[in-house]
Amino acid sequence: MKYCKKCGNQLSSELKFCTKCGTTITSIEQSNSASSDLKKYSDEKEHKSTVSEKTPNIFIEQGNNTPSASKKDSNEKVHKSILSGEELDSTSIESRVKGSTEPTNRKKKVPKWVIGVVAAVILSIAGIAGVMSMNDSGEKKVKVAATEPKEAAETKPPNITQEDVTALFPDWQMIKQEMVNINGTFYTVLAIAKNEIEFEETVKIAVIDYTSKGKDNPWSSVWESEEYFADPMIDIESYIGDFYVLNPDNNAVALVVFNVMHGGSAQTYDTFAIQLDEGGTGEVAWSGGGSYIEEKENYIEVMVHGAVHLAVEKDKVKITEIPRSEVGSDNALKVEFTLNSDGLVVPTLDEEIYVKAGQPLTFVPADDKTKNLFDEGDISLYYNSMDNAPISTANVNLVYAGNEFTLKDEGSFGFLLDYYTEDKNYNTPPYTFIVHVGDGVKPAQSEKTEDAPSVSSEIEAPFPIGAPLSELKAHYGKPSYDGYYSGGRLISFDKEGYFIDELDETVIGYYFTAPTLSIFGATVGMTGEEINSIYSETIEPYLDETGSENYVHNYSKNGYKVFFHSKEEDGPTSSVWLVKEY
């Protein structure tokens, strides 16, 4: 008899390997040595059992080594068995981890806490290996990207010449050109115009591309707008007025905003905002009747009745409409007004405003009703430098759009806010506000002395306001003048004149050159300084260069507009006229 040297299994003499553990038989052992061999096997087995419990820690430390195919398969089987909850005997774990062919028929149940520890270790190994694999992969990608040749950026094109424009667009003349860069692609934006036939003046916008490889002409047309009508009264170079491009970085669109100029005293133009995409194609994002365009820090402002703000944000054109009552910078002086019970626009505080030169101001409605009328355009805004008072409600004085004013020259300026209705009847509406530009300080009221004349609350005249024209003619006889003056009908009887309401034919104002008319204590013949003393005001006269060439002392008293005239700035006044404020 012979026994396996390794496991002690009894063997037949003809066998070349152990049928139990597979060990190759090299020599025949006698039966009297079997007990010692069995003892040796028992000791070795006990030692292997101890090693088997430590095997997972050895696997972690050697995780970077490459196992043989058989060991790898065995490890995967152990991993799958643990994850599935299968019970494994100690010799099975040992043999699979070590890759041996030792016997597996002698089972020993492994404690559950051992299985848990082994599972956690294997999962940790898998996670670490995955992260290392990702890092390795990422590093490889970074290195590859760094070695790849960088694509050359597009070259900025040169300015286009009129000759090149003519080659692309025969009979068209270039007015403006601007360059845009949309996500790395350069385009040239052209404003071009033509004037071939009388009263058929047109302009359009074109987007063109440039390539240095072009043989005949390196320029090519990408997109063209429709043709817009321009006023024939203006030369061709002025067909396009304001022209701005908004082209922020890292956006897939650009914006072109421009005015097509028109004549007329209202100063309103056709305004268009065209959005350009990455391919150079354009479409109208906004259009309307604008007054002027101004480029701000990150948007373009089109002043319409109120204002429209055009911006490019996140590859889109953003349009924000601002009502007229809210137009104006934060540092502007807010001047409030309201509508009284008679339907007249009146100041909520003082009608005379004092500002520094360059100080902006805006007019702000004091209530919702007035705000709605102002925003909808039912309350019109007129402006005049007061060289020709009272103000004329004509387009030449109309402020069509916007609501912020910056007066840089010293002097007095008039603003009229007019709520027009058909039942109102007046020819020369007074100013709503008088803005004095200077040091911005309202003059202090001078202290009255006992000898200073007091301000009367009355107008002392031969005929009162409201007197019929028939009484004037009966008293004076035939008038020396019957016509129009400063927008109203004036009838004069030598040195005494009266403004007449044309419908009612009643007195609504005076024009006197004699001191027979007392206006709240002031009369013709007094100097401006004397009148200022009576009215407790400090009014500087201004020269009427377009009319009488006289100096004008302008006052607003007790619901009337009063104008004293003098031939010399500091000399005595020679005439006075007044009308009632409406």
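A few remarks follow.
- The criterion of being outside any loop (DSSP other than H, G, I, E, B), over 50 Å from the mean Cα position of the chain (by Cα) and either at pLDDT 90 or above or farther than 18 Å from residue 575 by Cα (or both) does not hold for residue 457.
- The number of residues in the stretch 351-388 being of a type in the set (D, E, K, R) and free of Cβ contacts under 8 Å to residues at least 40 places away in the same chain comes to 4.
- In the stretch 305-347, the residues that are open to solvent by less than 30 Å² (accessible area, probe 1.4 Å), under 30 Å from residue 275 (Cβ atoms) and more than 16 Å from the chain's Cα centre (by Cα): 324, 325
- Looking across 226, 178, one residue alone is of a type in the set (D, E, K, R), in a loop (DSSP other than H, G, I, E, B) and closer than 20 Å to residue 276 by Cα. It is 226.
- Comparison of 297, 237 shows that the only residue that is open to solvent by 20 Å² or more (accessible area, probe 1.4 Å) and free of Cβ contacts under 8 Å to residues at least 24 places away in the same chain is 297.
- Here residue 524 passes the criteria (1) at pLDDT below 90; (2) open to solvent by less than 40 Å² (accessible area, probe 1.4 Å); (3) farther than 20 Å from residue 430 by Cβ except the one numbered (1).
- Leading residue by the ranking (surrounded by the most Cβ atoms within 10 Å (Cβ to Cβ)) among those in the stretch 466-485 that are in a helix (DSSP H, G or I) and of a type in the set (A, V, I, L, M): 472
- Selected residue (criterion: farthest from the chain's Cα centre (by Cα)) from residues of the stretch 544-555 that are surrounded by fewer than 20 Cβ atoms within 10 Å (Cβ to Cβ) and touching a residue at least 60 places away in the same chain (Cβ under 8 Å): 547
- The residues of the stretch 496-512 that are open to solvent by less than 30 Å² (accessible area, probe 1.4 Å), under 25 Å from residue 534 (Cβ atoms), in contact (Cβ under 8 Å) with a residue 60 or more places away in the chain and of a type outside the set (Ser, Thr, Tyr), listed by number, are 497, 499, 509, 512.
- For the stretch 421-454, the set of residues classified as under 29 Å from residue 538 (Cα atoms), surrounded by fewer than 17 Cβ atoms within 10 Å (Cβ to Cβ) and at pLDDT below 80 consists of 443, 444, 445, 446, 447, 448, 449, 450, 451, 452, 453, 454, listed by residue number.
- Residue count, the stretch 556-582 (criterion: in a loop (DSSP other than H, G, I, E, B) and either free of Cβ contacts under 8 Å to residues at least 60 places away in the same chain or touching a strand residue (DSSP E or B) at 6+ places or on another chain (Cβ under 7 Å) (or both)): 7
- Scanning the stretch 486-495 for residues being within 59 Å of the chain's Cα centre (by Cα) and open to solvent by 30 Å² or more (accessible area, probe 1.4 Å) gives a total of 3.
- Qualifying residues in the stretch 278-294 (those that are at pLDDT below 95 and acidic (Asp, Glu)) - the one surrounded by the most Cβ atoms within 10 Å (Cβ to Cβ): 278
- Complete set of residues in the stretch 348-361 that are in contact with a Gly (Cβ under 9 Å, 6 or more places away or on another chain) and open to solvent by less than 30 Å² (accessible area, probe 1.4 Å): 355, 360, 361
- Any chance residue 160 is over 17 Å from residue 217 (Cα atoms) and either aromatic (Phe, Trp, Tyr) or open to solvent by less than 40 Å² (accessible area, probe 1.4 Å) (or both): no
- Residue 232 passes every criterion in (1) part of a loop (DSSP other than H, G, I, E, B); (2) in contact with a strand residue (DSSP E or B) (Cβ under 7 Å, 6 or more places away or on another chain); (3) surrounded by 13 or more Cβ atoms within 10 Å (Cβ to Cβ) apart from (2).
- Those residues of the stretch 562-578 which are in contact with a Lys or Arg (Cβ under 8 Å, 6 or more places away or on another chain) and open to solvent by less than 10 Å² (accessible area, probe 1.4 Å), in sequence order: 578
The values are calculated or read from the model by the stated rules, or taken from the named source; none is laboratory data. What you are looking at is a predicted structure, and each value in this text was computed from that prediction instead of being measured. Because the Cβ atoms are built from the backbone with ideal geometry, glycine has one as well, and the counts that use them run over all protein chains shown. Surface areas here come from the heavy atoms of the whole protein model, side chains and all, with no ligands, DNA or RNA. Shrake-Rupley method; radii C 1.70, N 1.55, O 1.52, S 1.80 Å.
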